[in-house]
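Here the structure is laid out as structure tokens; the discussion comes afterwards.
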Amino acid sequence: MTADRASGAAPAPATPKPRALSGIQPTGRFHWGNYFGAIRQYIELQPPADGASPGAAAEAYYFIADLHALTTVRDPARLRDLVRAAAIDLVALGLDPERAVLFVQSDVPEVCELTWLLMTVAPMGLLERCHAFKDKKARGLPADAGLFTYPVLMSADILAYDATVVPVGEDQVQHIEVCRDLAGAFNHLYGPVFTLPVPRLVEGGAKVPGTDGLKMSKSYDNTLDVFEDPAAQKKKIMRITTDSRPMEAPKDPETDHLFALYALVAPEEDRLRMAETYRRGGFGYGEVKKALVTAAAEHFAEARARRAALEADSERIEAILAAGATRARARAWDVLDRARRACGIDRSPHRPPPGRTS
Ligand code: TYM
């Protein structure tokens, strides 16, 4: 089939400025994997208040993926609480709603329509190879169509804002490849509608280990949470699995997940000193765990204080999310309009949402 490029589709911007976008599921409280793999990048990429900075994006969109979370959280009251807690956590950790657009995924209904358009070009085989679905199926667990088509919704999330860079942990790279494939297939059929994004990974944080050494993940029950109760966190840290080599044996810090966790939260100088202690040997893992408890508390102390203040100001969070949704919808509307026109779904009036200015 050839593209009908005379259908009124406006071309996508030729050289878009870097535009960052990412989403995070409110399926539980954020853990260190979420923070060091993704959230820290969100903050780094948000445009500075005072003009250009070499590392930052020109625009940044970050959202709480409540539609994705529906594939696991089936309790409406809990979902509402988790969405609100996620917004508070992100702002407390440094996401600045003046510099980045912070919103809730379901507040932008354009994304669901875009998902359908992409679904029509999504090969079954491609979705069958995606790991979330494949793993569940391999374990003999029932999987629903929401989980199966999860990467298509995620593709729409990214494409709806003409995002060029997607800060994520390693586990999301496959999904961004799917997004590129679907965008490419749509563009091939209908002309240059979508901008193809690239993933952005951070060194040392792309795959944060959990307390058992596997990838940190809510589903493995091996997380250390960012705003966890300190006593509960201490217990988890003291139970981190370690090997049984004798105390005097020198150890390689690079292959030890306890060290990897310590390295994330400890100041540079302490990290180097600890690496040296590992290589020398003659220390107990108990000492390292105690140092980790202290370093973690210090690392997140300021964010914890900010969180407490935000928690007491629920109107502020609601206002941030409402303003974010308006800005996000304005952008998504334009992209959806472009996609609709390109594929010939433009009979009925497609009314812009309130707040669309361009
Ligand atoms: P989610 O909610 O599972 O995870 C949010 C972010 O945290 C990263 N992450 C990790 N990074 C390093 N080490 C770990 N152990 C670790 N665990 C989690 C994830 O890579 C992710 O960046 N499908 C997405 C949410 C989503 C999305 C999007 C992301 C929906 N639409 C559009 C980007 C763009 C997810 O389930 O992330």
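The values are calculated or read from the model by the stated rules, or taken from the named source; none is laboratory data. Please read these numbers as outputs of a predicted model, since none were measured by experiment. Glycine gets a Cβ as well: all are built from the backbone with ideal geometry, and neighbour counts include every protein chain shown.
For the stretch 98-142, which residues satisfy the criterion of being polar (S, T, N, Q) and more than 24 Å from Thr27 (Cβ to Cβ)?
In the first step, residues of the stretch 98-142 are kept if they are polar (S, T, N, Q); the result is 105-106, 115, 120.
Matches in the stretch 98-142: Thr120 only.
Kindly indicate whether Pro47 is modelled with pLDDT under 95 and either crowded, with 19+ Cβ neighbours inside 10 Å or among the β-branched types (Val, Ile, Thr) (or both).
Yes, satisfied.
Can you tell me which of Lys134, Lys235, Lys207 is touching a residue at least 24 places away in the same chain (Cβ under 8 Å) and either in a strand (DSSP E or B) or basic (Lys, Arg) (or both)?
Checking each option against the conditions leaves just Lys207.
Would you say Ile176 is without any contact (Cβ under 8 Å) to a residue 24 or more places away in the chain, within 11 Å of the ligand (Cβ to nearest atom) and among the β-branched types (Val, Ile, Thr)? Reasoning before the result, please.
Working: without any contact (Cβ under 8 Å) to a residue 24 or more places away in the chain: yes; within 11 Å of the ligand (Cβ to nearest atom): yes; among the β-branched types (Val, Ile, Thr): yes.
Considered against the rule, which asks whether it is without any contact (Cβ under 8 Å) to a residue 24 or more places away in the chain, within 11 Å of the ligand (Cβ to nearest atom) and among the β-branched types (Val, Ile, Thr), Ile176 comes out as yes.
Among the residues of the stretch 38-77, which ones are assigned to a loop (DSSP other than H, G, I, E, B) and touching a residue at least 60 places away in the same chain (Cβ under 8 Å)?
Ala57, Ala65, Leu70, Thr71
Could you give me the residue pairs with C-beta distances under 7 Å whose first residue belongs to the stretch 101-130 and is free of Cβ contacts under 8 Å to residues at least 60 places away in the same chain, whose second residue is of a type in the set (S, T, N, Q) and surrounded by fewer than 18 Cβ atoms within 10 Å (Cβ to Cβ) wherever it lies, and which are 6+ apart or on separate chains?
Cβ pairs passing all conditions: Cys130/Gln174.
Only one residue in Val152, Val168, Val101 is of a type in the set (Val, Ile, Thr), crowded, with 19+ Cβ neighbours inside 10 Å and touching a Phe, Trp or Tyr at 6+ places or on another chain (Cβ under 8 Å), so which one is that?
Residue meeting the stated conditions: Val101.
Yes/no per residue for (1) part of a loop (DSSP other than H, G, I, E, B); (2) away from the ligand (no atom under 12 Å from the Cβ); (3) out of contact with any helix residue (DSSP H, G or I) (no Cβ under 7 Å at 6 or more places or on another chain):
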| residue | (1), (2), (3) |
| --- | --- |
| Gly94 | yes, yes, no |
| Pro97 | yes, yes, no |
| Leu117 | no, yes, no |
| Val121 | yes, yes, no |
| Leu141 | yes, yes, yes |
| Leu147 | no, no, no |
| Leu153 | no, no, no |
| Val166 | no, no, no |
